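The values are calculated or read from the model by the stated rules, or taken from the named source; none is laboratory data. None of the values given here were measured: they were computed from a predicted structure. Cβ atoms come from the backbone with ideal geometry, glycine included; neighbour counts cover every protein chain shown. For accessibility, only protein heavy atoms count, side chains too; no ligands or nucleic acids. Shrake-Rupley method; radii C 1.70, N 1.55, O 1.52, S 1.80 Å.
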Amino acid sequence: MNMRAQRRVLPGFGLTMGITVLYLSLIVLIPLATLPARTMTMSWAQFWETITDPRVVASYRLSLGASLAAASVNAVFGALVAWVLARYSFPGRRIVDALVDLPFALPTAVAGIVLTTLYAPTGWLGAPLAKYGISVAFTPLGITVALIFIGLPFVVRTLQPVIEDLDPEVEEAATSLGASRGGVLFRIILPNLFPAWLTGFALAFARAVGEYGSVVFISGNMPMRTEISPLLIVTKLEQYDYAGATAIAVVMLAISFVLLLAINGLQSWARRRVAP
Amino acid sequence: MQFVTIKTVVRASAIGLLWMSLVAPAAGQTLLNASYDPTRELYQDFNAAFIKHWKAKTGQTIAVKQSHAGSGAQARAVIDGLEADVVTLALAYDVDAIAQSGLTSTAWQKRFPQNSSPYTSTIVFLVRKGNPKGIKDWGDLAKPGIQIITPNPKTSGGARWNYLAAWGWALRQFGGDDKARQFVADLYKKVPVLDSGARTSTMTFVRRQIGDVLIAWENEAYLALQESPNQLEIVVPSLSILAEPPVAVVDKVVDRKGTRAIAEAYLQYLYSPEGQEIAAKHHYRPRDQAIAAKFAGSFTKLKLFTVDEVFGSWQNAQKTHFADGAAFDRLYKVVSR
């Protein structure tokens, strides 16, 4: 069946699609296309040398590792927050609901400074933790904490409407047919939430990979240990090495794209499984 | 008084962010001065004085806008098209980058007196009140049990002056690049946090109480001291580097806007007694002998060397010390082992 030959039921396809393509090109595609263009001034050998420098490789590991860890923590606790906000009513619920959006609104530099002050060895949280030999600020753990902070709203805000839309009657029906509470949770609720949950995870992860503003304050920026990839990009720019900076950016972009693609694939697989 | 006020948080949060402040309502010509972070207060005062001076001299009412960010970020902004008539940056290397892009003459440093740097500063130590670790000179920094705070020279222009000051002292003290490298490597082994900028390092030291000594620009050290006089002390080493923050007119911009005369007068005015006095009030060392004598009590005398004397030029220093894979990176391969 040839879709194109048929007249579409919904009018306005040409106009909306045209604007979509133009908008995406202006906002996303053209800026991203200039990235590889800027690396063209390097030879392959230079490009390879830049992106495989041990310090740069250490930064990919840190950036991706901390981002995955932060997104995972948010996936668990963000889901819990979304559940509580969607399913229970309690005094102050609206305030808690508004609190969730704060990490969106706060300038990241402010978040970084506040978190560093809290978790530094002299800080309110850092001092008691230091007694147990746990240091947070200026370690990879501190970076993860900052990334958890900025990533939280993504998981909560993608899951909350889906939980609100879950039909309680389905759960009631399952219970009346003899399903245990665990059965309802694992066979009804979680499979229905899974695609949205993955989206939240992917958004939180993608946001964390590119985060610079809050992390540079809490990371301590020690070579090989706590340097995130965006910092190395800034370092290259500071030497007017635009090609080197974009080379690292291209690698980050490629890794993130592959991971997001994989998550999207997993999602559509999950959707097919859930769909009746 | 408690150190953290809303003001300091807000000010710190502006680090690295470009912000502009309109000093006077735009009427007639407008000048844009692209500068680096810690000169904000200096140029607020100076711009007001220059606007008055220009009005008295020519009858024209002008406006001067200022823009502040890291020195390297400002140079890149100008290269990428920020319409700054003049730049007043932290190091000559950044103005060289602007000149290499063709926006101004590569001989910019010869155009104004004193290497085109109307005021200078130097690198000093900030320690805790009472100097509990007894830090008097560079050599004391290498003693066991001392933690040093300094920003990352790869991201901070100011930190490059710190590094070169330490290297220059060690070179004179021990003789030979190998010994200097060893000394500087010993110093950086004692640095627990390499913040991305000078202001952030000051916060780490003053506010978070990390480290025994902060290596800082003299004017930054005085600012920190003003905010918390009961917690800090400034220690001036026997020998340090003469930090010469450069100024330049951006040819392409002033020729297009027709502001060359004002731009040149603006930078020239920095060398006048009024300009020098404003600089001195903001803890920059004046070049003018008379003004320097007037403020002699505010600045401790010490022996100073220039980048050109010890390292040849900024281009050279950058290449041998701060480029990727150069001395600083190699130092870190040793340190992290």
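Show me the helices (runs of 4 or more DSSP H) found entirely inside the range B:295-337 where at least 1 residues are open to solvent by less than 40 Å² (accessible area, probe 1.4 Å), within 14 Å of chain A (Cβ to nearest Cβ) and under 19 Å from B:Pro153 (Cα atoms).
On the way: elements: B:307-311, B:314-317, B:327-335.
So the answer is B:314-317, B:327-335.
When the residues of the range B:194-214 are filtered to those that are of a type in the set (A, V, I, L, M) and open to solvent by less than 10 Å² (accessible area, probe 1.4 Å), which remaining residue is nearest to the other protein chains (Cβ to nearest Cβ)?
First pass over the range B:194-214, keeping only residues of a type in the set (A, V, I, L, M): B:194, B:198, B:203, B:206, B:210, B:213-214.
With the extra rule that they be open to solvent by less than 10 Å² (accessible area, probe 1.4 Å), the set shrinks to B:194, B:206, B:213-214.
Values: B:Leu194: 5, B:Val206: 11, B:Val213: 17, B:Leu214: 15 Å.
Taking the candidates together, the pick is B:Leu194.
When you look at A:Ala137, is it in a loop (DSSP other than H, G, I, E, B), over 25 Å from A:Leu203 (Cβ atoms) and of a type outside the set (Phe, Trp, Tyr), yes or no? Yes: the conditions hold for A:Ala137. A:Tyr212 passes every criterion in (1) within 20 Å of A:Leu32 (Cα to Cα); (2) open to solvent by 10 Å² or more (accessible area, probe 1.4 Å); (3) assigned to a helix (DSSP H, G or I) apart from (3).
If I filter the range B:225-233 for residues that are within 21 Å of B:Ser156 (Cβ to Cβ), part of a strand (DSSP E or B) and of a type outside the set (S, T, N, Q), do I get at least one hit? Full working, then the answer.
Filtering the range B:225-233 for residues within 21 Å of B:Ser156 (Cβ to Cβ) gives B:225, B:227, B:232.
Now restrict to residues that are part of a strand (DSSP E or B): B:232.
When the remaining residues are screened for being of a type outside the set (S, T, N, Q), the result is B:232.
For the range B:225-233, residues within 21 Å of B:Ser156 (Cβ to Cβ), part of a strand (DSSP E or B) and of a type outside the set (S, T, N, Q): present.
For A:Thr175, state whether it is open to solvent by less than 70 Å² (accessible area, probe 1.4 Å) and assigned to a helix (DSSP H, G or I). Outline the logic, then answer.
Working: open to solvent by less than 70 Å² (accessible area, probe 1.4 Å): no; assigned to a helix (DSSP H, G or I): yes.
Against the criterion (open to solvent by less than 70 Å² (accessible area, probe 1.4 Å) and assigned to a helix (DSSP H, G or I)), A:Thr175 does not qualify.
Mind listing whichever residues of the range B:76-114 are surrounded by fewer than 17 Cβ atoms within 10 Å (Cβ to Cβ) and within 17 Å of the chain's Cα centre (by Cα)? Result: B:Gln114, single match.
Note on the range B:191-207: residues that are under 19 Å from A:Val136 (Cα atoms) and not in a helix (DSSP H, G or I) amount to 7.
Between residues in the range B:222-233 that are in contact (Cβ under 8 Å) with a residue 12 or more places away in the chain and residues that are among the acidic types (Asp, Glu), which pairs lie under 9 Å by C-beta distance while being six or more apart or on different chains? As it stands, the answer is B:Leu223/B:Glu41; B:Leu225/B:Glu233, since those pairs meet every condition given. The residues in the range A:94-136 that are farther than 24 Å from A:Val155 by Cα, open to solvent by 50 Å² or more (accessible area, probe 1.4 Å) and facing chain B (nearest Cβ under 9 Å) can be counted, and the count is 2.
Considering the range A:236-249, the residues that are buried (at least 24 other Cβ atoms within 10 Å of the Cβ) and within 9 Å of another protein chain (Cβ to nearest Cβ) include one that is farthest from A:Ala75 (Cα to Cα), namely A:Glu238. Of the candidates B:Asp177, B:Asp186, the single residue that is farther than 30 Å from A:Trp124 by Cβ, touching a Leu at 6+ places or on another chain (Cβ under 8 Å) and of a type in the set (Asp, Glu) is B:Asp177.
Restricting the first member to the range B:260-283 and to residues that are touching a residue at least 12 places away in the same chain (Cβ under 8 Å), and the second to residues that are open to solvent by 10 Å² or more (accessible area, probe 1.4 Å) and β-branched (Val, Ile, Thr), the beta-carbon pairs closer than 8 Å and six or more apart or on different chains are B:Pro273/B:Ile291; B:Gln276/B:Ile291; B:Glu277/B:Ile291; B:Ala280/B:Ile291. Working only within the range B:91-146, note down all residues that are farther than 29 Å from B:Ser238 by Cβ and of a type in the set (Gly, Ala, Ser). Listed by number, the residues that qualify are B:Ala97, B:Ala99, B:Ser101, B:Gly102, B:Ser105, B:Ala107.
Does A:Ile233 qualify as being touching a Lys or Arg at 6+ places or on another chain (Cβ under 7 Å), among the aliphatic types (A, V, I, L, M) and part of a helix (DSSP H, G or I)?
Values: touching a Lys or Arg at 6+ places or on another chain (Cβ under 7 Å): no; among the aliphatic types (A, V, I, L, M): yes; part of a helix (DSSP H, G or I): yes.
Considered against the rule, which asks whether it is touching a Lys or Arg at 6+ places or on another chain (Cβ under 7 Å), among the aliphatic types (A, V, I, L, M) and part of a helix (DSSP H, G or I), A:Ile233 comes out as no.
Every listed requirement among (1) within 13 Å of chain A (Cβ to nearest Cβ); (2) within 21 Å of the chain's Cα centre (by Cα); (3) surrounded by fewer than 17 Cβ atoms within 10 Å (Cβ to Cβ) is met by B:Val191 save one, (3). In the range B:52-75, the qualifying residues are those that are open to solvent by less than 30 Å² (accessible area, probe 1.4 Å) and in a helix (DSSP H, G or I), and the one that is nearest to B:Arg285 (Cα to Cα) is B:Ser71.
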